[in-house]
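Working notes for the structure below.
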Amino acid sequence: MLTRKQHELLSFIDRHLKTTGFSPSFEEMKAALHLKSKSGIHRLISALEERGFLRRRHHRARALEVVRLPDDLAAREPAAPHAPAFSPNVIRGDFGSRLQGVRAANEAGAVQLPLYGRIAAGLPIEALRDSGTQTEVPVALLGNGEHYALEVAGDSMQDAGILDGDTVIIRRGEVAENGQIVVALVDESEVTLKRLRRRGNSVALEPANRLYETRILPADKVRVQGRLVALLRRY
């Protein structure tokens with residue numbers, strides 16, 4: 001059973017596909033559902049995909065496909081029209097509108113995530129949720145759940161391929177397995193990106209650089225804020 005917002009989004013995507021021949025952009029979907037964030041659209045699409053109503057063709061712009069409709073929408077489907085008579089296509093030289101279409105298509109393949117900059121060190125992630133800074137991330141890098149981006153400061157994880165100035169994509173959550181790279185909140189005051197190891201009643205936060213020491217802390221002093229799922233780097 002779909003939620004009201006899932007139902008509204010599926011109906012809007014289906015109508016848009018039938019009217020235009022391509023799926024709507026994230027901006028169009030956000031406006032149609034009166035949502036404030038594109039990440040909300042991403043979560044709805046992921047839920048519809050899990051339930052078998054939508055399919056995404058990754059690495060293609062606007063690549064949403066309606067696999068099936070709920071019974072109430074399917075019952076309202078009109079009969080398929082007769083194929084129109086052949087007429088030649090004419091390509092007009094309106095390059096301005098064509099470039100605008102390309103920008104919109106590219107936009108549909110990405111979502112805006114909150115970006116917490118280098119100032120995140122020393123503050124809980126929750127304190128920066130309304131910082132207003134965002135970064136565009138390809139949808140193909142994301143899975144289910146809520147995500148945020150974090151700018152890396154320092155070289156403590158360089159041997160794991162994470163360099164100073166990189167942007168890491170974090171899936172928000174409080175659970176992580178041993179050996180995963182996580183964002184950890186230490187003693188409710190310091191945020192750090194390290195590899196997590198549990199040792200009895202202690203937690204080890206391991207750097208990926210031999211110049212730095214592993215920190216071993218009581219388990220109740222460390223709270224996982226999310227785990228690393230992707231990395232972006234600009235050259």
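Residues in the stretch 136-173 that are in a helix (DSSP H, G or I) and either within 16 Å of residue 185 (Cα to Cα) or touching a Phe, Trp or Tyr at 6+ places or on another chain (Cβ under 9 Å) (or both): how many?
Taking the stretch 136-173 as the starting set, the residues that turn out to be in a helix (DSSP H, G or I) are 139-141, 158-160.
Then drop every residue that is not either within 16 Å of residue 185 (Cα to Cα) or touching a Phe, Trp or Tyr at 6+ places or on another chain (Cβ under 9 Å) (or both), which leaves 139.
Result for the stretch 136-173: 1.
State whether the residues of the stretch 181-190 include one that is surrounded by fewer than 20 Cβ atoms within 10 Å (Cβ to Cβ), at pLDDT 85 or above and not in a strand (DSSP E or B).
no
Tell me, which helices (runs of 4 or more DSSP H) lie completely within the stretch 2-84 with 3 or more residues that are at pLDDT below 80? I'd like the intermediate steps shown before the answer.
Working: elements: 4-20, 26-32, 38-50, 71-74.
Passing ranges, in order: 71-74.
Please go through (1) modelled with pLDDT of 80 or more; (2) over 22 Å from residue 148 (Cα atoms); (3) open to solvent by 100 Å² or more (accessible area, probe 1.4 Å); (4) part of a helix (DSSP H, G or I) for residue 98 and return the number of the only condition it doesn't satisfy.
It fails just one condition, (1).
Does any residue of the stretch 163-179 turn out to be in contact with a helix residue (DSSP H, G or I) (Cβ under 7 Å, 6 or more places away or on another chain), closer than 30 Å to residue 27 by Cβ, touching a residue at least 60 places away in the same chain (Cβ under 8 Å) and buried (at least 16 other Cβ atoms within 10 Å of the Cβ)? Show your work before the answer.
Start the filter on the stretch 163-179 by keeping residues that are in contact with a helix residue (DSSP H, G or I) (Cβ under 7 Å, 6 or more places away or on another chain), which leaves 169.
Then drop every residue that is not closer than 30 Å to residue 27 by Cβ, which leaves 169.
Still in the list and also touching a residue at least 60 places away in the same chain (Cβ under 8 Å): 169.
Narrowing the set further to residues that are buried (at least 16 other Cβ atoms within 10 Å of the Cβ) leaves 169.
Yes - at least one qualifying residue is present in the stretch 163-179.
Output the residues belonging to the stretch 193-226 that are in contact (Cβ under 8 Å) with a residue 24 or more places away in the chain, crowded, with 19+ Cβ neighbours inside 10 Å and assigned to a strand (DSSP E or B).
Scanning the stretch 193-226 gives 193, 194, 195, 196, 222, 225, 226.
The values are calculated or read from the model by the stated rules, or taken from the named source; none is laboratory data. Keep in mind it's a predicted model, so treat the numbers as computed, not measured. Cβ atoms come from the backbone with ideal geometry, glycine included; neighbour counts cover every protein chain shown. Only protein heavy atoms, including side chains, enter the accessible area calculation; ligands, DNA and RNA are left aside. Shrake-Rupley method; radii C 1.70, N 1.55, O 1.52, S 1.80 Å.
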